[in-house]
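Student: I have a structure I would like to understand better, so I am pasting it below and will then ask my questions one at a time.
The values are calculated or read from the model by the stated rules, or taken from the named source; none is laboratory data. Everything quoted here is computed from the prediction, not taken from an experiment. Quick reminder, even Gly has a Cβ in these numbers, built from the backbone with ideal geometry, and neighbours come from all protein chains shown. These area figures cover heavy atoms from the full protein model, side chains too; ligands, DNA and RNA do not enter into them. Shrake-Rupley method; radii C 1.70, N 1.55, O 1.52, S 1.80 Å.
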Amino acid sequence: ILIESFSALFIEYNFLNSFIFTVTAIYSIMIISYFLMKFGYNIMVKMINALPGLKSLFLIGQYFIPFFLILLFSQWFGESILGELLFILIIVMGNLKSRFAKELDSVKEHYLIAAKSLGADENKISKEVLFKLVQPGLFSSFQHSHKLLWLYVLVYEFICETGGIGSIISTAIDYNDLSLIVILIVILTLTFILFDYLLLNLKKKYFYWSS
């Protein structure tokens, strides 16, 4: 039965396209979000310095559970792919902002003092020192949250039927195809292990320092 379901997964459910769509949506938005933070963090630092309460607002974002947002987007965007991409962007950016605010608090003051003693102005410190110190923490947030992001995206696709893996799960449940669901769980588990490994090695290679 499992062999037949595995074959049906690719032939009848068009799994490969759905898998590529979901994986691309999640990890491309993660990359885009990282670069948005990289180019916009200087503005965020200035805003936090001007409005200290903003840091607390960013930190609250880590407790945000997006299921209400999924229901809202299902009404606004329906089966639109744009809605799913926007949803992922909001979740990832919210998580990054929370982590950014937390990392700012953990930056050791003597690094900034050393940079000032070498003649660096505030703008240079912000661009070349401060963000470098928080980079490992920002990347770690991807490591710790990408599986949870998968859960949110699968629920979104399940409800909105945008064409990803979540839509296949919805169809399998409609047809009571338990063997197909078991195969999907195995494939998703292997996918999580693979991306955990990739993210860990990316951090070791490119973000190995600590603040």
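Student: With the requirement that a residue be open to solvent by 40 Å² or more (accessible area, probe 1.4 Å) and in contact (Cβ under 8 Å) with a residue 24 or more places away in the chain, what does the range 133-154 give you?
Tutor: Lys147
Student: What residue, of Thr171, Thr191, Thr162, is at pLDDT 85 or above and not in a helix (DSSP H, G or I)?
Tutor: Thr162
Student: Where residues in the range 21-43 are open to solvent by 20 Å² or more (accessible area, probe 1.4 Å) and among the hydrophobic types (A, V, I, L, M, F, W, C), which of them is farthest from Gln135 (Cα to Cα)?
Tutor: The residue in question is Phe21.
Student: Restricting attention to the range 75-98, which residues are open to solvent by 60 Å² or more (accessible area, probe 1.4 Å), in a helix (DSSP H, G or I) and among the charged types (D, E, K, R)?
Tutor: Across the range 75-98, the qualifying residue is only Lys97.
Student: Also, I was wondering about something else. Could you please find all residues in the range 1-18 being surrounded by fewer than 12 Cβ atoms within 10 Å (Cβ to Cβ) and at pLDDT below 75?
Tutor: Ile1, Leu2, Ile3, Glu4, listed by residue number.
Student: Determine whether Ser179 is surrounded by fewer than 18 Cβ atoms within 10 Å (Cβ to Cβ), closer than 22 Å to Leu104 by Cα and either of a type in the set (S, T, N, Q) or at pLDDT below 85 (or both).
Tutor: no
Condition check ((1) open to solvent by 80 Å² or more (accessible area, probe 1.4 Å); (2) modelled with pLDDT under 75; (3) among the polar types (S, T, N, Q); (4) part of a helix (DSSP H, G or I)) across all residues:
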| position | (1), (2), (3), (4) |
| --- | --- |
| Leu54 | no, yes, no, yes |
| Phe58 | no, yes, no, yes |
| Gln62 | no, yes, yes, yes |
| Ile65 | yes, yes, no, no |
| Leu69 | no, no, no, yes |
| Phe73 | no, no, no, yes |
